[in-house]
Every structure is written in structure tokens, then in C-alpha cells.
Amino acid sequence: MKHRIYTRAPLDGSIAITGDELQPAPRAARVPENEEVELFDGEGHAASGVVESIGRDELIVRVDHAIDARESPFAIDLAMAIIQLEKFELVLQKATELGVRSIVPMITEHVEIRSERYRGKHDRWEKIIFEAVKQSGRATLPKLEEPMQFEDVLKREGTKILFDADTPPRQLSNPATQATLLIGPEGGWTEEELLSFRDRGWTAVTLGQTILRAETAAIAALALASAFLA
């Protein structure tokens with residue numbers, strides 16, 4: 001795979017990669033001049049380029065042509081209950097790889113992680129997302145939203161699909177071009193949460209016969225939705 005470089009500059013002509021943008025970029029020891037690289041701007045645009053010169057504090061890349069941004073035309077948002085932080089960060093990484101548009105850390109009745117445990121993690125979580133974008137070949141940085149209460153997630157616009165191990169098997173209905181997937185914590189949903197969800201006419205589905213861990217359910221649900229919407 002080609003080295004991938006993030007830049008905020010328009011993907012046209014010759015681009016100087018400097019400052020903060022240079023830090024995650026390839027170092028001179030690993031990328032020689034005339035090496036082909038990929039550039040992406042985090043907003044859905046990507047291009048192929050060639051390294052023209054390498055300096056101590058600057059990398060000059062000549063943009064050659066635009067390339068496929070590897071982004072789905074369908075928008076999938078993940079509202080993920082805040083689980084044990086190491087597992088939650090795994091979900092951030094894998095959700096990004098699977099093409100999610102945004103991630104909403106969700107607070108439900110059975111969330112056991114105290115708010116002080118995840119307060120101040122936003123920058124770290126955004127870095128995990130950024131590295132996953134680079135690795136996966138995507139050109140869009142998913143939006144990481146602030147933690148949100150379950151009821152507030154239900155007020156968001158668009159189709160919502162809740163995954164619940166105890167829901168009778170049923171097929172996904174086509175959510176058109178956008179859907180928010182809701183994944184609960186290890187303790188599952190409360191009856192009140194399920195009732196509140198169904199009262200709004202949203203769809204609850206299962207991921208099979210077995211009971212999955214929350215992080216496994218998130219990955220499986222995103223893979224299923226991505227394939228269904230492709």
C-alpha cells in the first residue's frame with residue numbers, strides 16, 4: 001500500500017506538507033523522492049501524487065490525479081454505548097475502517113463507566129479515528145460527537161436501527177441513504193429504553209442466535225449494514 005499523507009491544502013498542483021501535517025507524514029528515510037503517495041483531505045477527496053523533494057521541515061508533493069475516495073454513498077452513523085474504554089476504542093477503530101460517517105458515544109441506563117473516566121478522552125479518540133482512516137484508505141474523517149443520552153439520540157433525524165439480542169429475527173428494511181445504528185452496553189437495554197424506541201416506530205433487529213459482546217455487536221452490525229447498503 002502507498003504511503004498516505006493527510007493535508008488540508010487543495011489537492012492540486014504542488015503541495016508543501018509542513019508543521020502538524022508533516023508529523024504523521026512519511027519520513028525521508030522511508031520515502032525517497034519520486035515515490036508515489038496518496039493524499040487525502042479528510043473531507044472526502046483523495047489524489048495520487050509524487051514526492052518532488054524532501055527537506056528537514058517540509059515535504060513537497062506534486063498532485064498527479066484524483067483517485068477514488070473509497071467512501072460509500074450511504075451514510076451510517078454509530079450510536080455506541082460507552083463500554084469498557086479499551087473495548088470502546090477498539091470499536092472506534094473498527095467502525096472507522098468499516099466506513100462509518102459519525103460516532104456518538106451514548107449514555108444508556110446500563111452504562112457502568114463513570115463520566116470522569118471518559119471525560120477528556122476526545123482528543124485521544126480522534127487520534128484513533130485518524131489513524132484508522134489512514135490505514136483503511138478512506139478520505140473522510142468520521143465525526144466524533146460529544147457523549148449523548150439515549151433519549152437525545154432518538155431525537156436525531158433519519159432512520160434508526162437498534163440491535164437487541166432478544167428481538168425476534170427480522171430483515172433490515174431499506175433505510176434509504178442514511179441510518180443510525182444503536183448498540184447497547186454489556187448489560188443490554190432496559191424495557192423502558194426498548195419501549196421508548198419502539199413507540200417512535202423505529203426498527204429493532206437481532207444479529208443472530210448467540211449473545212454478542214457489545215464491541216462484537218458493533219462490528220457485526222456495521223459490517224451487515226455496510227453490505228446491505230452497498
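The values are calculated or read from the model by the stated rules, or taken from the named source; none is laboratory data. This is a predicted model, so every value here is computed, not measured. Positions of Cβ are backbone-derived with ideal geometry, glycine not excepted, and every protein chain shown enters the neighbour counts.
Restricting to segment 34-51, name every residue that is surrounded by fewer than 14 Cβ atoms within 10 Å (Cβ to Cβ) and in a strand (DSSP E or B). It would help to see each step written out before you state the result.
To start, the set of residues in segment 34-51 that are surrounded by fewer than 14 Cβ atoms within 10 Å (Cβ to Cβ) comprises 34, 36, 43-44.
If the condition is that a residue be surrounded by fewer than 14 Cβ atoms within 10 Å (Cβ to Cβ) and in a strand (DSSP E or B), then Glu36, Glu43 are the ones that fit.
Ser196 meets each of the listed conditions (1) assigned to a helix (DSSP H, G or I); (2) within 21 Å of Ser102 (Cβ to Cβ); (3) of a type in the set (S, T, N, Q) apart from (2). Of all residues assigned to segment 112-120, at least one qualifies as being without any contact (Cβ under 8 Å) to a residue 40 or more places away in the chain, among the polar types (S, T, N, Q) and not in a loop (DSSP other than H, G, I, E, B).
Is it true that Ala220 is in contact with a helix residue (DSSP H, G or I) (Cβ under 9 Å, 6 or more places away or on another chain) and among the aliphatic types (A, V, I, L, M)? Show your work before the answer.
Details: in contact with a helix residue (DSSP H, G or I) (Cβ under 9 Å, 6 or more places away or on another chain): no; among the aliphatic types (A, V, I, L, M): yes.
Spelling it out, it is not the case that Ala220 is in contact with a helix residue (DSSP H, G or I) (Cβ under 9 Å, 6 or more places away or on another chain) and among the aliphatic types (A, V, I, L, M).
Pairs, please: C-beta under 6 Å, at least 6 apart or cross-chain, first residue among the acidic types (Asp, Glu) and in segment 191-204, second surrounded by 13 or more Cβ atoms within 10 Å (Cβ to Cβ)? These pairs meet every condition: Glu193/Phe150.
A quick yes/no check of all residues on (1) in a loop (DSSP other than H, G, I, E, B); (2) of a type in the set (Gly, Ala, Ser); (3) outside the structural domain of Glu97 (by TED's automatic domain parsing); (4) modelled with pLDDT of 90 or more:
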position	(1), (2), (3), (4)
Asp152	no, no, no, yes
Leu162	no, no, no, yes
Ala165	yes, yes, no, no
Pro168	yes, no, no, no
Ala176	yes, yes, no, no
Thr180	no, no, no, yes
Glu186	yes, no, no, yes
Ala221	no, yes, no, yes
Leu224	no, no, no, no
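Among all residues of segment 67-79, there is at least one that is aromatic (Phe, Trp, Tyr), in a loop (DSSP other than H, G, I, E, B) and touching a helix residue (DSSP H, G or I) at 6+ places or on another chain (Cβ under 9 Å).
All of Val91, Val104, Val100 fail the test of being in a helix (DSSP H, G or I) and among the hydrophobic types (A, V, I, L, M, F, W, C), apart from Val91.
In segment 1-17, the residues that are buried (at least 17 other Cβ atoms within 10 Å of the Cβ) form Cβ pairs under 9 Å with partners that are aromatic (Phe, Trp, Tyr), at six or more places apart or across chains, as follows: Arg4/Phe40; Ile5/Phe40; Tyr6/Phe40; Tyr6/Phe130; Thr7/Phe40; Leu11/Phe40; Ile17/Tyr6. Against the conditions (1) at pLDDT below 95; (2) within 10 Å of the chain's Cα centre (by Cα), Ser72 satisfies every one except (2).
Does any residue of segment 138-147 turn out to be surrounded by 15 or more Cβ atoms within 10 Å (Cβ to Cβ), touching a Leu at 6+ places or on another chain (Cβ under 8 Å) and closer than 25 Å to Ser226 by Cβ? Give the derivation first.
Within segment 138-147, the subset surrounded by 15 or more Cβ atoms within 10 Å (Cβ to Cβ) is 138-142, 144-145, 147.
Of the ones still in play, those that are also touching a Leu at 6+ places or on another chain (Cβ under 8 Å) are 144.
Those still in the list that are closer than 25 Å to Ser226 by Cβ too: 144.
Scanning segment 138-147, I find at least one residue that is surrounded by 15 or more Cβ atoms within 10 Å (Cβ to Cβ), touching a Leu at 6+ places or on another chain (Cβ under 8 Å) and closer than 25 Å to Ser226 by Cβ, so the answer is yes.
Against the list (1) more than 27 Å from Leu85 (Cβ to Cβ); (2) surrounded by 15 or more Cβ atoms within 10 Å (Cβ to Cβ), the condition Ala221 fails is (1). Output yes when any residue across segment 22-29 is surrounded by 14 or more Cβ atoms within 10 Å (Cβ to Cβ) and either at pLDDT 90 or above or under 17 Å from the mean Cα position of the chain (by Cα) (or both), and no when none is. No, every residue in segment 22-29 fails to be surrounded by 14 or more Cβ atoms within 10 Å (Cβ to Cβ) and either at pLDDT 90 or above or under 17 Å from the mean Cα position of the chain (by Cα) (or both).
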